[in-house]
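Nothing in this text is a laboratory measurement; each read-out follows from the coordinates by a stated rule. Everything quoted here is computed from the prediction, not taken from an experiment. Here the Cβ positions follow ideal geometry from the backbone for every residue, glycine too, while neighbour counts run over all protein chains shown.
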Amino acid sequence: MADPANQSALVTGVTGQDGSYLVELLLAKGYTVHGLMRRTSTFSTERIDHIYQDPHESGARLFLHFADLTDASALSRLLHEIGPDEVYHLGAQSHVRVSFDQPIYTADATGVGALKLLEAVRDYRDTTGKTVRFYQASSSEMFGKVHEVPQRETTPFHPRSPYGVAKVFAHWATVNYRESYDLHASCGILFNHESPRRGETFVTRKITRAIGRIKHGLQDKLYLGNLDAKRDWGFAGDYVEAMWLMLQQDEPDDYVIATAETYSVRAFCEAAFGRVELDYKDFVEIDPRYFRPAEVDILLGDPTKAKTKLGWEPKVSFDELVAMMVDADLELAAREKTLTDAGHVIVPPMGE
Ligand code: NAP
Ligand code: G4F
């Protein structure tokens, strides 16, 4: 295994949930980390500010670059400029319901974006002779209308959303580049993973965010869609470790990363409201806007291969994850309450 202190990595999606945990992991191992971020009209670096704004510590080894996943020339230029040893491709339009509103953009950014990056990596490797290892953020959403329970690496894909279709394209593009061009390219088929840094429009965070605000008198109701869908929810901090492990193997491969437990959205509500001794039925209302044209009813992963070959196992349990998220959002809502009491206008979070 190469000495991480001499290694550099490019992380796309660096401003996202997983990007922030992965950056922390890589910096702690001694890597120099380059993050790809797109230009936005407001700040988008909230999840990595605590690292970036600490230039005397590991933050001195974090560099941020502007590029968009739809811009092949910028991706190629960046590869040649940085010359990374490892590329972690996490960037994507990652919201399933929004992908029904923006199917073409989702295909472009989430699907073809991966292919553009693979092409940039291949071109860089071929012109410089330097080896680059590549990680593709594949998704359990690819299993969609599941053909078996639990889902494993050999389970056929049957995507149920434009996002799922785009991820299947990106997944097979990665496998194809591995088989065609001898690229060290691996896919992590990650099941849902959450944290206090989870985007506020994904269901777990939408629930815990609302609980904090309800407890502090800032919100009365929580509007959700399908409470019967079941997901295999793990902790994002555990899952980025699996990404790194995949790129340290001699041979590239594909791995399911999951907890092997599944809970309904309703069960998540019960556990999360229960943490603050409230009954979810008193607060949750159904809003048909949050139903999807096609739903993924149940996801349950079998991570046996990851355990056997990578030595990876999830550390945080479902109850610990729920507690971690509720507690963090109670603190956040307490700060919002202080600001509200001081006359500041806090705009309530929007759902999706
Ligand atoms: P996330 O929080 O939504 O982060 C997505 C990242 O991609 C953000 O940094 C976002 O930038 C960036 N991005 C979006 N469109 C882009 C574009 N056109 N050009 C450049 N950057 C762009 O997602 P996550 O939860 O960290 O997930 C990381 C990856 O794993 C994603 O590919 C997701 O699809 C996949 N995945 C996630 C899960 C899960 O449960 N979390 C499970 C399986 C697979 P902004 O900050 O500017 O929006
Ligand atoms: O939290 P979600 O939006 O996550 P979803 O659709 O499973 O996708 C996430 O996990 C995928 C891995 O399987 C990732 F690839 C993807 O990028 C993303 O991170 O919804 C979970 C479930 C769904 O069944 C949804 O219908 O919760 C249900 N739900 C019920 N009410 C809701 C809501 N989802 C959202 N976002 N908002 C609601 O109000």
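Remarks
- Close pairs from segment 245-264: first without any contact (Cβ under 8 Å) to a residue 40 or more places away in the chain, partner acidic (Asp, Glu) and in a loop (DSSP other than H, G, I, E, B), Cβ under 7 Å, at least 6 apart: 262/232; 264/228
- On inspection, residue 207 passes the criterion of being buried (at least 21 other Cβ atoms within 10 Å of the Cβ), under 22 Å from residue 291 (Cβ atoms), in contact (Cβ under 8 Å) with a residue 12 or more places away in the chain and of a type outside the set (Ser, Thr, Tyr).
- Here segment 269-289 is the region considered, the condition is being β-branched (Val, Ile, Thr) and within 15 Å of ligand 2 (Cβ to nearest atom), and the residue that is farthest from residue 205 (Cα to Cα) is 286.
- Any hit, segment 105-118, residues being out of contact with any Gly (no Cβ under 8 Å at 6 or more places or on another chain), of a type in the set (Ser, Thr, Tyr) and more than 16 Å from ligand 2 (Cβ to nearest atom): no
- Residues of segment 108-141 classified as within 17 Å of the chain's Cα centre (by Cα) and either under 16 Å from residue 77 (Cβ atoms) or not aromatic (Phe, Trp, Tyr) (or both), total: 11
- Residue pairs whose Cβ atoms lie under 7 Å apart, separated by 6 or more positions or on different chains, with the first residue in segment 13-35 and farther than 16 Å from residue 238 by Cα and the second polar (S, T, N, Q) and in a strand (DSSP E or B), are 31/8; 32/8; 34/8.
- None of 180, 195, 186 is surrounded by fewer than 22 Cβ atoms within 10 Å (Cβ to Cβ) and of a type in the set (S, T, N, Q) except 180.
- First in segment 285-308 and hydroxyl-bearing (Ser, Thr, Tyr), second anywhere and assigned to a loop (DSSP other than H, G, I, E, B), Cβ under 9 Å, 6 or more apart: 290/225; 290/226; 290/351; 290/352; 304/152; 304/260
- Test: residue 186 is in a strand (DSSP E or B), closer than 30 Å to residue 127 by Cα and either away from ligand 1 (no atom under 14 Å from the Cβ) or hydroxyl-bearing (Ser, Thr, Tyr) (or both): yes
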